[in-house]
């Protein structure tokens with residue numbers, strides 16, 4: 001089964017610009033979702049976005 005193009009595009013956009021993402025919404029989705037697999041997905045996305053934001057802040061302060 002292949003993923004619909006729209007879903008893939010949304011994920012790519014999410015990964016491309018971590019500052020455009022509502023990080024609190026990702027955390028809330030993880031906390032409220034009853035499906036353990038979806039919780040893991042939202043946790044991974046939250047962690048990725050948070051890490052990218054932290055990298056940006058660190059790189060700004062170094063320059």
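The values are calculated or read from the model by the stated rules, or taken from the named source; none is laboratory data. Keep in mind that what you see is a predicted model, and the values were worked out from it rather than measured. Virtual Cβ from ideal backbone geometry, glycine too; neighbours counted across all protein chains shown.
Considering the range 28-59 alone, what residues qualify as being touching a residue at least 12 places away in the same chain (Cβ under 8 Å) and over 9 Å from the mean Cα position of the chain (by Cα)? Outline the logic, then answer.
First pass over the range 28-59, keeping only residues touching a residue at least 12 places away in the same chain (Cβ under 8 Å): 29-30, 42-43, 45-46, 48-50, 52-53, 56.
29, 30, 52, 53, 56 - these are the residues of the range 28-59 that are touching a residue at least 12 places away in the same chain (Cβ under 8 Å) and over 9 Å from the mean Cα position of the chain (by Cα).
Of all helices (runs of 4 or more DSSP H) completely enclosed by the chain, which ones contain at least 3 residues that are at pLDDT 90 or above and loosely packed, with under 13 Cβ neighbours inside 10 Å?
On the way: elements: 5-16, 23-32, 36-62.
Where helices (runs of 4 or more DSSP H) fall fully within the chain and carry at least 3 residues being at pLDDT 90 or above and loosely packed, with under 13 Cβ neighbours inside 10 Å, they are 23-32, 36-62.
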